[in-house]
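Quick notes on the structure that follows.
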Amino acid sequence: MKDITIAELYTLEETIARDIFTGFTYPWEVLPEIHNFILKLGSALSPEEYEKRGEDIWIARDAVIAPTVSIQGPCIIGKGAEIRQCAFIRGNAMIGEGAVVGNSTELKNVILFNRVQVPHYNYVGDSILGFKAHMGAGSITSNVKSDKKLVVVKSGEERIETGLKKFGAMLGDEVEVGCGSVLNPGTVIGKQSNIYPLSSVRGVVPANHIFKDAAHVIEKQ
């Protein structure tokens, strides 16, 4: 599954977390590393650019944080990011430069690359969203299987055992997810692909495709 590797999905220059991916092939392999990586990186950030608030929370001094936001560490919020009313950041979250975390959105164990938008009523857990990825209002990542078994990434007849119980979705650069969609555990969406509103997505969506439903995944022209 070459097309779902870190190199194929992400522009690593567009995240302060780029070093976390060193030595790994698939992006979900770094999910267990996020906690310790934030602690290490946060302690090295310039205090002129980042303010430490509370325990293990580093926020860029030009980020805009609404007064009703709840933030648990460890967490890094990048330059120019906007965290809107009633967002809930549950820890192990890296939020990129210029990213938008919207009203009532919940994040947990995530990496949001620069300029990601999760702006309205989203849940994003155990997931990585690439540069300029956007999730429409009410779309979520479902990060645990109903049978509680370990997540397997599937593409046709190919299968990759992840060894992870919690694994939401890997979104490549500039992915667009339509409103009200559910990205089931182990979903991987290639660069610049679009997901129709109200979709239920599982498995791999190739880069530069439009997901209309499971039977109709169309290459962009």
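What FRET efficiency do you get for Ala66 and Glu157 if R0 is 45 Å and r is their Cβ-Cβ distance, rounded to the nearest 0.05?
On the way: r = 47 Å, r/R0 = 1.04.
With R0 = 45 Å, the Cβ-Cβ based efficiency is 0.45.
Mind checking the per residue accessible area of the chain for me, 1.4 Å probe, whole number of Å²?
Details: 10080 Å² over 221 residues.
Value returned for the chain: 46 Å² of accessible area per residue.
Tell me, what are the semi-axes, in whole angstrom and largest first, of the equivalent ellipsoid of the chain as set by the roots of 5 times the Cα gyration tensor eigenvalues?
On the way: eigenvalues 150, 66, 49 Å².
Listed largest to smallest, the semi-axes of the chain are 27, 18, 16 Å.
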Report the charge-dipole magnitude of the chain in Debye, nearest 20, computed about the Cα centre from +1 at each Lys and Arg Cβ and -1 at each Asp and Glu Cβ. 560 debye
Tell me which residues come under 5 Å, amide H to amide H, from Glu106 once H is placed; ignore anything under 5 positions away on its chain. Phe88, Asn122, Tyr123, Val124
Most fluctuating residue of Ala93, Ala169, Ala137 in a GNM of the chain with Cα springs under 10 Å: which is it? Ala137
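For Arg53 and Asp3, what does the FRET efficiency come to when R0 = 35 Å and r is the distance between their Cβ atoms, rounded to the nearest 0.05?
On the way: r = 40 Å, r/R0 = 1.13.
My answer for the efficiency is 0.30.
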Could you compute how much accessible surface Ser199 exposes when probed at 1.4 Å, giving the result in Å² to the nearest 10? 10 Å²
Could you report the accessible area of Asp213 in Å², rounded to 10, computed with a 1.4 Å probe on the protein chains as they sit in the structure? 70 Å²
Please report, in whole Å, how far the alpha carbons of segment 119-221 spread along each principal axis, starting with the longest. 35, 32, 23
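Roughly speaking, to the nearest percent, how much of segment 19-149's 1.4 Å accessible area is carbon and sulfur?
Numbers: 2600 of 5560 Å².
Ligands and nucleic acids excluded, carbon and sulfur give 47 percent.
How would Ile218, Ile128 rank on accessible area, largest to smallest, probe 1.4 Å?
Details: Ile218 70, Ile128 0 Å².
Output order, biggest surface exposure first: Ile218, Ile128.
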What is the Rg over Rh value, at two decimals, for segment 1-132, using alpha-carbon atoms and the Kirkwood definition of Rh? 0.95
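Of Lys148/Lys212; Lys52/Lys79; Lys79/Lys108; Lys52/Lys132; Lys108/Lys166, which pairs sit farther than 22 Å apart, going by alpha carbon to alpha carbon?
On the way: Lys148/Lys212 28 Å; Lys52/Lys79 14 Å; Lys79/Lys108 20 Å; Lys52/Lys132 26 Å; Lys108/Lys166 11 Å.
Over 22 Å Cα-Cα: Lys148/Lys212; Lys52/Lys132.
At most 14 other C-beta atoms within 10 Å and a DSSP loop state: those are the exposed trypsin sites (Lys or Arg not before Pro) I care about. Give me the longest piece of the chain that has none. Please list the in-between numbers first.
Details: sites that count: Arg53, Arg61, Lys148, Lys149, Lys165, Lys220.
Result for the longest clean stretch: 62-147.
The values are calculated or read from the model by the stated rules, or taken from the named source; none is laboratory data. Predicted model only: the values in this text are computed from it and were never measured. Glycine gets a Cβ as well: all are built from the backbone with ideal geometry, and neighbour counts include every protein chain shown. SASA here: full protein model, heavy atoms, side chains in, ligands and nucleic acids out. Shrake-Rupley method; radii C 1.70, N 1.55, O 1.52, S 1.80 Å.
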